[in-house]
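Data block below; observations after.
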Amino acid sequence: MIETLTFKKLKWLHIQNPADEDLVTLQKDYNFHPLDIEDCRSYTQRPKIDIYDDYYFLILHFPHFDNVKRFVKAKEVKIFWGKDYIITIGQAHWVVEDLFNYYKRNPNAFSDLISCSSDAVLYTILNRLINESYFLINQVGQEIDEMNRNLFNKNAEKTIEKISVIRKNVIQLNTIFKPQLRVFHKFESGEIKGYESKEDMEDYWGNILDLYQKMWDMIEDFEELTDSLSSIFGFVQANRNNEVMRTLTIISTIVLPLTFISGLYGMNVGLPFEKTSFAFWLIIGICFSIVILLIFYFKRKKWM
């Protein structure tokens, strides 16, 4: 079903679940390239912008946070951008849906845009998407800071799980943002001219690129931080394991001679002092002396 918002000559069409007849109607009414229509039927495409004489076709990815699984997922946004229309297609990011519904409830809000143009609508959509993405990236940054503070927590399994989730989210953000960095550079470079004068929109496209570049820099920093945290945690765990092994080794070393002596006197053969009345206490004394000497030796070597 095609929903439409109209303000003067400007139209914003939104198709939440495009049926074949909707896409056929678009191709018939706007003469879109068949390959672009085919891309609209697919759920997964690489980010790109196709430039034609009378319209642009954008496929962009933006992050969406799954509050249940705590994972970042990519949401695809498909946009046809013409001189007097914007068309958003598919189960797009919730920001697009919310923005469309807002203007649907408040049609006069179109007048609040930079100008009544398709460039202004596209800027508003992209700006809102990028700001929401920035908010999400900040959330990931806060999780990394929290992880850094709790890195020496002795609950190893929980820490490993948190590090794994954060690393997965950072990798997903990298996968989303890296391929389309060049797409956003086209706005500022002038390769994408739009339909307003360059002077009217240049600062706005530059603002979007600056914020996008800032997010990309943050993601790169997060990648380095998570790698460092993972390495530090691995070192801490290895050190803890070494401490455990050292403790067990010391205990084994102390117990070994005691086991030997007790086993020796448990043999059914004649042994020194076994017939004496103080044999038991003699053996206990020998064992106790060995323990004291070993502990003293370990302390002197700073192994304890």
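Some notes on this structure:
Residue-wise test of (1) closer than 30 Å to residue 68 by Cβ; (2) in contact with a Phe, Trp or Tyr (Cβ under 6 Å, 6 or more places away or on another chain).
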residue	(1), (2)
170	yes, yes
176	yes, no
179	yes, no
182	no, no
201	no, no
211	yes, no
236	no, no
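- Among the candidates 43, 56, the residue that is in a loop (DSSP other than H, G, I, E, B), over 19 Å from the mean Cα position of the chain (by Cα) and in contact (Cβ under 8 Å) with a residue 40 or more places away in the chain is uniquely 43.
- Residue under evaluation residue 139, criteria (1) at pLDDT 80 or above; (2) under 28 Å from residue 54 (Cβ atoms); (3) of a type outside the set (Phe, Trp, Tyr), criterion not met: (2)
- So residue 239, is it of a type in the set (S, T, N, Q) and under 30 Å from residue 158 (Cβ atoms): yes
Here's the yes/no breakdown for (1) crowded, with 18+ Cβ neighbours inside 10 Å; (2) part of a helix (DSSP H, G or I):
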{"position": "180", "(1), (2)": "yes, yes"}
{"position": "187", "(1), (2)": "yes, yes"}
{"position": "191", "(1), (2)": "no, no"}
{"position": "194", "(1), (2)": "yes, no"}
{"position": "204", "(1), (2)": "yes, yes"}
{"position": "207", "(1), (2)": "no, yes"}
{"position": "231", "(1), (2)": "no, yes"}
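- Residue that is surrounded by the most Cβ atoms within 10 Å (Cβ to Cβ), among those in the range 35-71 that are β-branched (Val, Ile, Thr) and over 18 Å from residue 2 (Cα atoms): 59
A quick yes/no check of all residues on (1) modelled with pLDDT under 85; (2) in contact with a strand residue (DSSP E or B) (Cβ under 6 Å, 6 or more places away or on another chain); (3) surrounded by 12 or more Cβ atoms within 10 Å (Cβ to Cβ):
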position	(1), (2), (3)
234	yes, no, yes
252	no, no, no
263	yes, no, no
267	yes, no, no
272	yes, no, no
276	yes, no, no
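- Of the candidates 80, 32, 100, the single residue that is in contact (Cβ under 8 Å) with a residue 40 or more places away in the chain, hydrophobic (A, V, I, L, M, F, W, C), in a strand (DSSP E or B) and surrounded by 11 or more Cβ atoms within 10 Å (Cβ to Cβ) is 80.
- Candidate set from the range 83-97 (those that are of a type outside the set (Val, Ile, Thr) and buried (at least 19 other Cβ atoms within 10 Å of the Cβ)); member that is nearest to residue 139 (Cα to Cα): 93
- Some residue of the range 148-161 being out of contact with any Lys or Arg (no Cβ under 9 Å at 6 or more places or on another chain), in the same structural domain as residue 45 (by TED's automatic domain parsing), surrounded by 13 or more Cβ atoms within 10 Å (Cβ to Cβ) and modelled with pLDDT of 85 or more: no
- The requirement of being modelled with pLDDT of 90 or more and touching a Ser or Thr at 6+ places or on another chain (Cβ under 8 Å) is fulfilled nowhere in the range 20-43; no residue meets it.
The values are calculated or read from the model by the stated rules, or taken from the named source; none is laboratory data. Being a predicted model, the structure only gives us computed values, none of them experimental. In this analysis, Cβ positions are derived from the backbone assuming ideal geometry, glycine residues included, and neighbour counts consider all displayed protein chains.
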